[in-house]
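Inspection log for the structure reproduced underneath, given as structure tokens.
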Amino acid sequence: MYKEMIIENIEEMKNFATLVSKEVFPGFILCLEGDLGAGKTTFTKYMGKGMGFTDNINSPTFTIMKIYEGDLDLNHMDVYRLNGIGSDYDLEEYIYGEGVCVIEWYKNIINSLPEEKMVIEIEIIGETRRLLKIEGTGKYEEIVKKISN
Ligand SMILES: Nc1ncnc2c1ncn2[C@@H]1O[C@H](COP(=O)(O)OP(=O)(O)OP(=O)(O)O)[C@@H](O)[C@H]1O
Ligand SMILES: [Mg+2]
């Protein structure tokens, strides 16, 4: 399932991220792509809020992953600096674990990701305007259909 959607501003991005946050399940994988400053971390921040986290979610670029513990953990990864999973990072344990994973710059670890996942590419088309390209495979197909209506 593939859908495109225009987001006009941060408020709309927040609403969309909140919608996505209501669909998560154990092992949920959301991959984010898009240029620097596209809004991947901003999206994740609002998704975390929607999942009930009150922590300030910010960029894990320099730590690769931040874990927010809850009924369902949120594992926020930014693998910008990784190319393939190095021995120092046991990311697969999390990717195939029980928590929810949101992965910025997922293409850098594409070989370590499952076939079934949701992918959102955020394209900057204006100051606050974004084109979202949303793709869902397997059990994510229904979710993509639902959130893009
Ligand atoms: N519609 C929008 N959605 C998300 N962010 C927006 C939007 N409009 C403007 N912004 C701004 O764009 C910036 C997005 O930064 P953010 O850190 O989320 O990007 P990123 O994709 O995670 O970048 P990086 O690749 O550096 O991690 C923020 O300053 C945010 O306020
Ligand atoms: Mg970021």
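Overview of results
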| item | result |
| --- | --- |
| Long-range tail of P(r) for the chain (Cα pairs > 21 Å, %) | 38 |
| Normalised convex hull volume, the range 80-149, alpha-carbon set, Å³ per residue | 113 |
| Cross-link table LYS49/LYS107; LYS66/LYS139; LYS40/LYS146; LYS66/LYS146, entries beyond 23 Å C-alpha to C-alpha | LYS49/LYS107; LYS66/LYS139; LYS66/LYS146 |
| The range 108-149: trypsin sites (Lys or Arg not before Pro) falling in loop per DSSP and having at most 13 other Cβ within 10 Å | ARG129 |
| Sites matching GluC sites (Glu not before Pro) across the range 79-149 that sit in DSSP coil, with at most 12 neighbouring C-beta atoms within 10 Å | GLU98, GLU115, GLU127 |
| Inter-label distance for TYR80 and GLU115, nm, one decimal - labels placed 7 Å from Cα along Cα-to-Cβ | 3.3 |
| Structure-based [θ]222 nm, the chain - -39500 (n - 2.57) summed over DSSP H runs of at least 4, per residue, nearest 500 | -6500 deg cm²/dmol |
| R0 of 25 Å, Cβ-Cβ distance ASP35-MET65: FRET efficiency to nearest 0.05 | 0.70 |
| With Cα atoms, 0 to 90° folded angle of helix 40-50 axis to the chain main axis | 90 |
| Cα long-axis angle, helix 10-21 against the chain (0 to 90 degrees, to the nearest 10) | 50 |
| Mean Cβ neighbour count within 10 Å, used as a protection proxy, ranking 49-58, 27-36 highest first | 27-36, 49-58 |
| Check: the chain dipole with +1 on Lys, Arg Cβ and -1 on Asp, Glu Cβ, in debye | 380 |
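A short reminder: the numbers here are calculations on the coordinates, not readings from a lab. This structure is a prediction, so every number in the text was calculated from the model and none was measured. Here the Cβ is made from the backbone with ideal geometry for all residues, glycine too, and neighbour counts use every protein chain on show.
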